[in-house]
Amino acid sequence: MLDLSTELDRIEKKGLWRTLRRLDAANTAETTIESKQQLLLSSNNYLGLATDPRLKEAAIKAINEYGTGSGGARLTTGNLHLHEELEQTIASFKKTEAALLFSSGYLANVGTISSMAGKADLILSDAYNHASIIDGCRLSKAKTVVYGHVNMDDLQNKLIENKNHRRRFIVTDGVFSMDGNIAPLPEITLLAAKHGAKVIVDDAHATSVIGENGTGTAEYFGLESCVDITIGTLSKAAGCEGGFVAASRLVIDYLRNRARTFIFQTSLSPGVVAAATTGLHIINSEPERRQILAANADFFRTELRSLGFNLVNGETPILAVIIGEAEAACQFSSRLEEEGIFAPAIRPPTVPDGESRIRATLMATHTKEHLQQAISSFEKVGKDMGVI
Ligand SMILES: *Cc1c(COP(=O)(O)O)cnc(C)c1O
(Lines give C-alpha, C1' and ligand atoms only; values in the text may rest on other atoms or scores of the structure.)
Protein backbone atom coordinates (compact mmCIF):
# COMPACT_ATOMS: atom_id res chain seq x y z
CA MET A 1 0.00 0.00 0.00
CA LEU A 2 1.31 3.43 -0.97
CA ASP A 3 2.64 5.29 2.03
CA LEU A 4 0.62 8.47 1.89
CA SER A 5 2.30 10.16 4.82
CA THR A 6 5.76 9.69 3.29
CA GLU A 7 4.49 11.23 0.09
CA LEU A 8 2.95 14.12 2.02
CA ASP A 9 6.20 14.64 3.95
CA ARG A 10 8.03 14.87 0.67
CA ILE A 11 5.54 17.46 -0.60
CA GLU A 12 5.87 19.49 2.59
CA LYS A 13 9.68 19.38 2.54
CA LYS A 14 9.71 20.70 -1.00
CA GLY A 15 7.61 23.64 0.15
CA LEU A 16 4.71 22.56 -2.04
CA TRP A 17 2.13 21.87 0.65
CA ARG A 18 -1.28 23.10 -0.45
CA THR A 19 -3.86 24.56 1.88
CA LEU A 20 -7.23 26.18 1.36
CA ARG A 21 -7.98 29.81 2.09
CA ARG A 22 -11.53 30.63 3.15
CA LEU A 23 -13.54 33.57 1.89
CA ASP A 24 -16.14 34.75 4.38
CA ALA A 25 -17.93 36.93 1.85
CA ALA A 26 -18.71 37.05 -1.87
CA ASN A 27 -15.96 37.03 -4.48
CA THR A 28 -15.95 40.80 -5.00
CA ALA A 29 -13.21 43.47 -5.15
CA GLU A 30 -13.53 44.04 -1.41
CA THR A 31 -14.06 40.84 0.49
CA THR A 32 -13.32 39.15 3.79
CA ILE A 33 -10.78 36.35 3.94
CA GLU A 34 -10.60 34.42 7.20
CA SER A 35 -12.25 37.29 9.05
CA LYS A 36 -9.91 39.96 7.69
CA GLN A 37 -10.95 42.53 5.13
CA GLN A 38 -8.94 42.20 1.92
CA LEU A 39 -8.78 43.79 -1.49
CA LEU A 40 -9.12 40.85 -3.86
CA LEU A 41 -6.42 40.96 -6.51
CA SER A 42 -6.70 37.37 -7.64
CA SER A 43 -10.23 36.73 -8.83
CA ASN A 44 -11.44 35.33 -12.15
CA ASN A 45 -14.69 37.22 -11.66
CA TYR A 46 -13.25 39.76 -14.10
CA LEU A 47 -16.40 41.73 -14.83
CA GLY A 48 -18.08 41.47 -11.44
CA LEU A 49 -20.93 39.41 -12.88
CA ALA A 50 -20.81 36.71 -10.19
CA THR A 51 -22.76 39.00 -7.87
CA ASP A 52 -24.76 40.94 -10.45
CA PRO A 53 -28.40 41.24 -9.30
CA ARG A 54 -29.67 40.36 -12.80
CA LEU A 55 -27.80 37.05 -12.83
CA LYS A 56 -29.00 36.25 -9.31
CA GLU A 57 -32.56 37.02 -10.32
CA ALA A 58 -32.34 34.79 -13.41
CA ALA A 59 -30.97 31.96 -11.27
CA ILE A 60 -33.67 32.36 -8.61
CA LYS A 61 -36.41 32.42 -11.26
CA ALA A 62 -35.07 29.24 -12.89
CA ILE A 63 -34.73 27.50 -9.52
CA ASN A 64 -38.29 28.43 -8.60
CA GLU A 65 -39.54 27.00 -11.86
CA TYR A 66 -37.28 23.95 -12.35
CA GLY A 67 -35.67 23.23 -8.98
CA THR A 68 -32.05 23.03 -7.93
CA GLY A 69 -30.89 20.00 -9.87
CA SER A 70 -31.44 19.07 -13.49
CA GLY A 71 -32.03 15.42 -12.61
CA GLY A 72 -30.33 13.79 -15.57
CA ALA A 73 -27.71 13.86 -18.29
CA ARG A 74 -28.50 15.94 -21.37
CA LEU A 75 -29.09 12.80 -23.42
CA THR A 76 -31.57 11.35 -20.91
CA THR A 77 -33.84 13.65 -18.89
CA GLY A 78 -31.54 16.60 -18.15
CA ASN A 79 -32.10 18.74 -21.25
CA LEU A 80 -34.16 21.86 -20.58
CA HIS A 81 -34.95 24.67 -23.01
CA LEU A 82 -32.58 26.68 -20.76
CA HIS A 83 -29.61 24.54 -21.89
CA GLU A 84 -30.54 24.90 -25.54
CA GLU A 85 -30.99 28.64 -25.17
CA LEU A 86 -27.57 28.98 -23.54
CA GLU A 87 -25.94 26.95 -26.32
CA GLN A 88 -27.56 29.18 -28.93
CA THR A 89 -26.42 32.26 -27.03
CA ILE A 90 -22.84 30.93 -26.92
CA ALA A 91 -22.86 30.03 -30.64
CA SER A 92 -24.09 33.46 -31.65
CA PHE A 93 -21.65 35.14 -29.26
CA LYS A 94 -18.76 33.10 -30.70
CA LYS A 95 -20.16 33.34 -34.25
CA THR A 96 -20.02 29.57 -34.77
CA GLU A 97 -22.68 27.22 -36.16
CA ALA A 98 -23.20 25.47 -32.86
CA ALA A 99 -22.07 25.05 -29.27
CA LEU A 100 -22.18 22.33 -26.63
CA LEU A 101 -22.30 22.72 -22.85
CA PHE A 102 -20.16 20.75 -20.42
CA SER A 103 -20.19 20.87 -16.63
CA SER A 104 -16.89 22.78 -16.53
CA GLY A 105 -14.15 24.09 -18.76
CA TYR A 106 -11.97 21.31 -17.43
CA LEU A 107 -14.42 18.67 -18.64
CA ALA A 108 -14.92 20.46 -21.96
CA ASN A 109 -11.17 20.21 -22.65
CA VAL A 110 -10.88 16.63 -21.47
CA GLY A 111 -13.95 15.46 -23.41
CA THR A 112 -13.21 17.36 -26.60
CA ILE A 113 -9.53 16.59 -26.98
CA SER A 114 -9.86 12.93 -25.96
CA SER A 115 -12.68 12.29 -28.42
CA MET A 116 -11.37 14.34 -31.37
CA ALA A 117 -7.91 12.78 -31.29
CA GLY A 118 -7.32 9.03 -31.27
CA LYS A 119 -4.48 6.55 -31.53
CA ALA A 120 -3.62 7.39 -35.13
CA ASP A 121 -3.49 11.13 -34.50
CA LEU A 122 -1.01 13.80 -33.40
CA ILE A 123 -1.51 16.62 -30.90
CA LEU A 124 0.92 19.52 -30.73
CA SER A 125 0.51 21.21 -27.37
CA ASP A 126 2.09 24.43 -26.02
CA ALA A 127 4.38 23.77 -23.02
CA TYR A 128 2.35 26.17 -20.85
CA ASN A 129 -1.09 24.76 -21.69
CA HIS A 130 -3.62 24.31 -18.89
CA ALA A 131 -3.74 21.03 -16.93
CA SER A 132 -7.13 20.15 -18.44
CA ILE A 133 -5.62 20.23 -21.95
CA ILE A 134 -2.78 18.01 -20.77
CA ASP A 135 -5.25 15.54 -19.27
CA GLY A 136 -7.30 15.56 -22.48
CA CYS A 137 -4.15 14.74 -24.46
CA ARG A 138 -3.28 11.89 -22.09
CA LEU A 139 -6.75 10.36 -22.30
CA SER A 140 -6.84 10.63 -26.09
CA LYS A 141 -4.10 8.01 -26.68
CA ALA A 142 -2.88 10.22 -29.54
CA LYS A 143 0.82 10.96 -29.88
CA THR A 144 1.30 14.22 -27.98
CA VAL A 145 4.27 16.42 -28.77
CA VAL A 146 4.86 19.46 -26.58
CA TYR A 147 6.34 22.52 -28.29
CA GLY A 148 8.19 25.32 -26.50
CA HIS A 149 5.94 28.02 -25.07
CA VAL A 150 4.78 30.23 -27.97
CA ASN A 151 7.87 29.03 -29.87
CA MET A 152 6.75 29.03 -33.49
CA ASP A 153 10.03 27.69 -34.90
CA ASP A 154 9.70 24.71 -32.61
CA LEU A 155 6.05 24.23 -33.61
CA GLN A 156 7.00 24.33 -37.30
CA ASN A 157 9.83 21.83 -36.80
CA LYS A 158 7.56 19.47 -34.91
CA LEU A 159 4.91 19.69 -37.64
CA ILE A 160 7.57 18.79 -40.19
CA GLU A 161 8.99 15.96 -38.03
CA ASN A 162 5.60 14.36 -37.38
CA LYS A 163 3.95 13.88 -40.75
CA ASN A 164 2.29 10.53 -40.93
CA HIS A 165 -0.80 10.88 -38.82
CA ARG A 166 -4.50 10.61 -39.61
CA ARG A 167 -5.41 13.96 -38.03
CA ARG A 168 -3.15 16.61 -36.55
CA PHE A 169 -4.20 19.17 -33.98
CA ILE A 170 -2.50 22.24 -32.55
CA VAL A 171 -3.87 23.00 -29.08
CA THR A 172 -3.18 26.22 -27.21
CA ASP A 173 -4.50 28.41 -24.43
CA GLY A 174 -5.78 31.68 -25.94
CA VAL A 175 -4.62 33.68 -22.91
CA PHE A 176 -2.06 31.79 -20.82
CA SER A 177 -3.31 31.59 -17.27
CA MET A 178 0.01 32.11 -15.47
CA ASP A 179 1.74 34.72 -17.65
CA GLY A 180 -1.29 36.53 -19.05
CA ASN A 181 0.21 36.62 -22.55
CA ILE A 182 -1.83 35.94 -25.69
CA ALA A 183 -1.06 32.97 -27.97
CA PRO A 184 0.42 34.01 -31.35
CA LEU A 185 -2.65 32.92 -33.27
CA PRO A 186 -1.69 34.52 -36.62
CA GLU A 187 1.43 32.32 -36.78
CA ILE A 188 -0.31 29.26 -35.36
CA THR A 189 -3.19 29.40 -37.86
CA LEU A 190 -0.78 30.02 -40.73
CA LEU A 191 1.31 26.98 -39.79
CA ALA A 192 -1.87 24.93 -39.32
CA ALA A 193 -3.12 25.86 -42.79
CA LYS A 194 0.25 25.14 -44.36
CA HIS A 195 0.56 21.73 -42.71
CA GLY A 196 -3.09 20.68 -42.74
CA ALA A 197 -3.58 20.75 -38.96
CA LYS A 198 -6.70 21.73 -37.01
CA VAL A 199 -6.57 24.45 -34.37
CA ILE A 200 -8.12 24.14 -30.91
CA VAL A 201 -8.04 27.25 -28.69
CA ASP A 202 -8.86 27.23 -24.97
CA ASP A 203 -10.31 30.67 -24.36
CA ALA A 204 -11.03 30.29 -20.63
CA HIS A 205 -9.32 33.58 -19.73
CA ALA A 206 -10.04 35.28 -23.06
CA THR A 207 -13.80 34.88 -23.38
CA SER A 208 -15.54 38.14 -22.50
CA VAL A 209 -12.14 39.72 -21.81
CA ILE A 210 -10.30 40.32 -25.11
CA GLY A 211 -11.43 41.11 -28.66
CA GLU A 212 -13.54 43.99 -29.95
CA ASN A 213 -16.77 42.36 -28.74
CA GLY A 214 -15.09 40.32 -26.04
CA THR A 215 -15.51 37.05 -27.88
CA GLY A 216 -11.91 36.00 -27.34
CA THR A 217 -8.54 35.37 -28.92
CA ALA A 218 -9.70 34.69 -32.50
CA GLU A 219 -11.62 37.95 -32.56
CA TYR A 220 -8.67 39.81 -31.03
CA PHE A 221 -6.65 38.86 -34.13
CA GLY A 222 -9.55 38.90 -36.61
CA LEU A 223 -9.09 35.17 -37.21
CA GLU A 224 -12.52 33.76 -36.34
CA SER A 225 -12.65 31.64 -39.48
CA CYS A 226 -9.23 30.05 -38.85
CA VAL A 227 -9.94 28.42 -35.49
CA ASP A 228 -11.67 25.05 -35.75
CA ILE A 229 -12.69 24.54 -32.14
CA THR A 230 -12.96 27.05 -29.29
CA ILE A 231 -13.28 25.86 -25.73
CA GLY A 232 -14.37 28.18 -22.97
CA THR A 233 -15.71 28.47 -19.48
CA LEU A 234 -18.64 30.22 -17.88
CA SER A 235 -16.82 30.27 -14.54
CA LYS A 236 -14.57 33.25 -15.12
CA ALA A 237 -15.76 36.48 -16.78
CA ALA A 238 -19.31 35.10 -17.19
CA GLY A 239 -19.57 34.83 -13.40
CA CYS A 240 -21.18 31.37 -13.20
CA GLU A 241 -19.90 27.89 -13.89
CA GLY A 242 -19.87 25.42 -16.76
CA GLY A 243 -17.77 24.83 -19.84
CA PHE A 244 -18.53 24.96 -23.53
CA VAL A 245 -17.26 24.12 -26.98
CA ALA A 246 -18.08 26.39 -29.92
CA ALA A 247 -17.48 24.93 -33.38
CA SER A 248 -19.10 23.77 -36.61
CA ARG A 249 -22.30 21.73 -36.44
CA LEU A 250 -20.33 18.71 -37.62
CA VAL A 251 -17.90 18.92 -34.69
CA ILE A 252 -20.69 19.54 -32.17
CA ASP A 253 -22.70 16.56 -33.53
CA TYR A 254 -19.59 14.42 -33.20
CA LEU A 255 -18.91 15.56 -29.61
CA ARG A 256 -22.54 14.95 -28.60
CA ASN A 257 -22.07 11.36 -29.75
CA ARG A 258 -18.54 10.76 -28.56
CA ALA A 259 -17.36 13.06 -25.74
CA ARG A 260 -17.59 10.97 -22.60
CA THR A 261 -17.52 13.96 -20.24
CA PHE A 262 -20.64 15.20 -22.03
CA ILE A 263 -22.48 11.90 -22.34
CA PHE A 264 -21.95 10.52 -18.85
CA GLN A 265 -22.52 13.60 -16.76
CA THR A 266 -25.58 15.20 -15.24
CA SER A 267 -26.30 18.45 -17.00
CA LEU A 268 -25.68 21.83 -15.40
CA SER A 269 -28.37 22.88 -12.94
CA PRO A 270 -31.15 25.22 -14.12
CA GLY A 271 -30.13 28.20 -11.97
CA VAL A 272 -26.57 28.32 -13.21
CA VAL A 273 -27.63 27.91 -16.85
CA ALA A 274 -30.15 30.74 -16.68
CA ALA A 275 -27.65 33.00 -14.92
CA ALA A 276 -24.96 32.27 -17.53
CA THR A 277 -27.31 33.16 -20.39
CA THR A 278 -28.09 36.47 -18.69
CA GLY A 279 -24.35 36.98 -18.09
CA LEU A 280 -23.53 36.57 -21.78
CA HIS A 281 -26.27 39.03 -22.76
CA ILE A 282 -24.83 41.58 -20.34
CA ILE A 283 -21.33 41.02 -21.71
CA ASN A 284 -22.76 41.79 -25.15
CA SER A 285 -24.72 44.86 -24.16
CA GLU A 286 -22.30 46.44 -21.67
CA PRO A 287 -18.91 46.63 -23.40
CA GLU A 288 -17.87 49.33 -20.92
CA ARG A 289 -17.20 46.63 -18.32
CA ARG A 290 -14.54 45.16 -20.59
CA GLN A 291 -13.11 48.59 -21.36
CA ILE A 292 -12.79 49.47 -17.67
CA LEU A 293 -11.14 46.10 -17.04
CA ALA A 294 -8.59 46.75 -19.81
CA ALA A 295 -7.94 50.28 -18.53
CA ASN A 296 -7.44 49.00 -14.98
CA ALA A 297 -4.97 46.39 -16.19
CA ASP A 298 -3.04 48.95 -18.29
CA PHE A 299 -2.86 51.40 -15.41
CA PHE A 300 -1.73 48.77 -12.90
CA ARG A 301 0.87 47.33 -15.26
CA THR A 302 2.31 50.77 -16.09
CA GLU A 303 2.47 51.83 -12.44
CA LEU A 304 4.20 48.63 -11.29
CA ARG A 305 6.72 48.86 -14.13
CA SER A 306 7.51 52.46 -13.33
CA LEU A 307 8.16 51.43 -9.73
CA GLY A 308 10.78 49.05 -11.11
CA PHE A 309 8.96 45.71 -10.88
CA ASN A 310 9.74 43.03 -13.44
CA LEU A 311 6.53 41.98 -15.19
CA VAL A 312 6.06 39.30 -17.81
CA ASN A 313 4.98 40.95 -21.06
CA GLY A 314 1.26 40.79 -21.55
CA GLU A 315 -1.79 42.84 -22.32
CA THR A 316 -4.51 41.04 -20.41
CA PRO A 317 -5.90 41.49 -16.87
CA ILE A 318 -3.49 38.79 -15.66
CA LEU A 319 -0.22 40.32 -14.43
CA ALA A 320 2.77 38.19 -13.52
CA VAL A 321 5.11 40.12 -11.20
CA ILE A 322 8.36 38.17 -11.07
CA ILE A 323 9.91 37.95 -7.59
CA GLY A 324 12.41 35.10 -8.09
CA GLU A 325 12.79 32.32 -5.52
CA ALA A 326 9.72 30.49 -4.27
CA GLU A 327 10.25 31.53 -0.65
CA ALA A 328 10.62 35.20 -1.52
CA ALA A 329 7.43 35.11 -3.58
CA CYS A 330 5.53 33.50 -0.68
CA GLN A 331 6.89 36.09 1.72
CA PHE A 332 5.91 38.89 -0.67
CA SER A 333 2.39 37.51 -0.86
CA SER A 334 2.09 37.24 2.96
CA ARG A 335 3.34 40.79 3.36
CA LEU A 336 0.77 42.01 0.84
CA GLU A 337 -1.90 40.18 2.80
CA GLU A 338 -0.84 41.96 5.99
CA GLU A 339 -1.39 45.16 4.03
CA GLY A 340 -4.88 43.95 3.09
CA ILE A 341 -4.08 42.93 -0.49
CA PHE A 342 -4.84 39.35 -1.48
CA ALA A 343 -2.68 38.11 -4.37
CA PRO A 344 -1.16 34.63 -4.33
CA ALA A 345 2.42 33.53 -4.99
CA ILE A 346 2.82 31.07 -7.85
CA ARG A 347 5.75 28.68 -7.47
CA PRO A 348 7.34 25.75 -9.30
CA PRO A 349 6.29 23.36 -10.68
CA THR A 350 3.49 25.63 -11.93
CA VAL A 351 6.15 28.09 -13.18
CA PRO A 352 9.88 27.57 -13.94
CA ASP A 353 12.51 27.71 -11.17
CA GLY A 354 13.61 31.25 -10.33
CA GLU A 355 10.42 32.71 -11.82
CA SER A 356 8.21 32.51 -8.77
CA ARG A 357 5.84 35.39 -8.88
CA ILE A 358 2.86 37.25 -7.61
CA ARG A 359 -0.05 36.69 -9.95
CA ALA A 360 -2.37 39.66 -9.84
CA THR A 361 -5.65 39.74 -11.71
CA LEU A 362 -7.60 42.91 -12.24
CA MET A 363 -11.36 43.32 -12.19
CA ALA A 364 -13.68 45.85 -13.80
CA THR A 365 -15.04 46.47 -10.32
CA HIS A 366 -11.70 47.70 -8.93
CA THR A 367 -11.92 51.45 -8.37
CA LYS A 368 -9.04 53.91 -8.82
CA GLU A 369 -8.74 53.98 -5.01
CA HIS A 370 -8.45 50.20 -4.88
CA LEU A 371 -5.69 50.28 -7.47
CA GLN A 372 -3.83 53.09 -5.72
CA GLN A 373 -4.03 51.18 -2.44
CA ALA A 374 -2.67 48.03 -4.08
CA ILE A 375 0.14 49.93 -5.84
CA SER A 376 1.22 51.60 -2.56
CA SER A 377 1.32 48.20 -0.89
CA PHE A 378 3.38 46.69 -3.72
CA GLU A 379 5.77 49.64 -3.44
CA LYS A 380 6.11 49.33 0.34
CA VAL A 381 6.65 45.56 0.34
CA GLY A 382 8.88 45.73 -2.75
CA LYS A 383 11.17 48.29 -1.07
CA ASP A 384 11.18 46.49 2.29
CA MET A 385 12.19 43.25 0.61
CA GLY A 386 14.66 44.83 -1.79
CA VAL A 387 12.75 43.68 -4.86
CA ILE A 388 12.68 47.23 -6.26
C1 LIG B 1 -9.88 27.86 -15.61
C2 LIG B 1 -9.38 27.19 -16.83
C3 LIG B 1 -9.97 26.02 -17.29
C4 LIG B 1 -11.00 25.27 -16.50
O5 LIG B 1 -12.25 25.89 -16.50
P6 LIG B 1 -13.30 25.49 -15.34
O7 LIG B 1 -14.59 25.94 -15.89
O8 LIG B 1 -12.86 26.21 -14.12
O9 LIG B 1 -13.22 24.01 -15.18
C10 LIG B 1 -9.53 25.50 -18.49
N11 LIG B 1 -8.53 26.10 -19.20
C12 LIG B 1 -7.93 27.22 -18.76
C13 LIG B 1 -6.86 27.86 -19.59
C14 LIG B 1 -8.33 27.80 -17.55
O15 LIG B 1 -7.71 28.90 -17.12
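The values are calculated or read from the model by the stated rules, or taken from the named source; none is laboratory data. Since this is a predicted model, take the numbers as computed values, not measurements. Because the Cβ atoms are built from the backbone with ideal geometry, glycine has one as well, and the counts that use them run over all protein chains shown. Accessible surface is based on the protein model in full, side chains and every heavy atom, while ligands, DNA and RNA are left aside. Shrake-Rupley method; radii C 1.70, N 1.55, O 1.52, S 1.80 Å.
Listed values, structure above:
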| item | result |
| --- | --- |
| Across 36/236; 95/198; 95/141; 14/383, pairs whose alpha-carbon gap is larger than 22 Å | 36/236; 95/141; 14/383 |
| Karplus 3J(HN,Hα) series, Hz, for segment 371-388 with 6.51 cos²θ - 1.76 cosθ + 1.60 (x for Gly, Pro) | 5, 4, 4, 5, 5, 4, 5, 4, 5, 4, 5, x, 6, 4, 8, x, 7, 10 |
| Sequence-distant residues sharing a close amide H with residue 38 (under 5 Å, placed H) | 31, 32, 33 |
| Cα centroid separation - segment 107-167 against segment 228-287, whole Å | 22 Å |
| Charge dipole of the chain about the Cα centre (unit charges at C-beta), most positive-ward option of 191, 235, 293 | 191 |
| Highest-MSF residue in the chain out of 82, 293, 23 [GNM, Cα springs under 10 Å] | 23 |
| Cβ-placed point charges (K, R +1; D, E -1), dipole of segment 54-285 about Cα centre in debye, nearest 20 | 800 debye |
| Taking only Cα atoms of segment 54-285, radius of gyration then Dmax in Å | 17.2, 57 |
| For the chain, the fraction of alpha-carbon pairs in successive 10 Å shells from zero, as % | 5, 22, 30, 27, 14, 2, 0 |
| Phi-based couplings in Hz for segment 295-304 (Karplus 6.51, -1.76, 1.60; Gly and Pro marked x) | 5, 4, 5, 4, 4, 5, 4, 4, 5, 5 |
| For peptides 42-52, 189-199, sequence by mean Cβ density within 10 Å, most packed first | 42-52, 189-199 |
| Solvent exposure ordering (accessible area, 1.4 Å, most first) of 347, 21 | 21, 347 |
| Fraction of accessible area attributable to carbon and sulfur, segment 166-233 (%, probe 1.4 Å) | 50 percent |
| Point-charge dipole on Cβ atoms (K/R +1, D/E -1) for the chain, about Cα centre, debye to 20 | 1080 debye |
| Low-density loop positions, GluC sites (Glu not before Pro), segment 201-263 - DSSP coil, at most 12 other Cβ in 10 Å | 212 |
| Kirkwood-based shape ratio for segment 196-302, expressed as Rg/Rh from alpha carbons | 1.01 |
| In order through segment 325-332: 3J(HN,Hα) via Karplus (6.51 cos²θ - 1.76 cosθ + 1.60), integer Hz, x for Gly, Pro | 6, 4, 4, 5, 5, 5, 5, 4 |
| Per residue solvent-accessible surface (Å²) - the chain, probe of 1.4 Å | 45 Å² |
| Packing-based ranking, highest mean first, of 374-381, 271-278, 9-16 given that Cβ atoms within 10 Å are counted | 271-278, 374-381, 9-16 |
| Carbon and sulfur %, accessible surface of segment 40-99 computed with the full protein complex present, 1.4 Å | 53 percent |
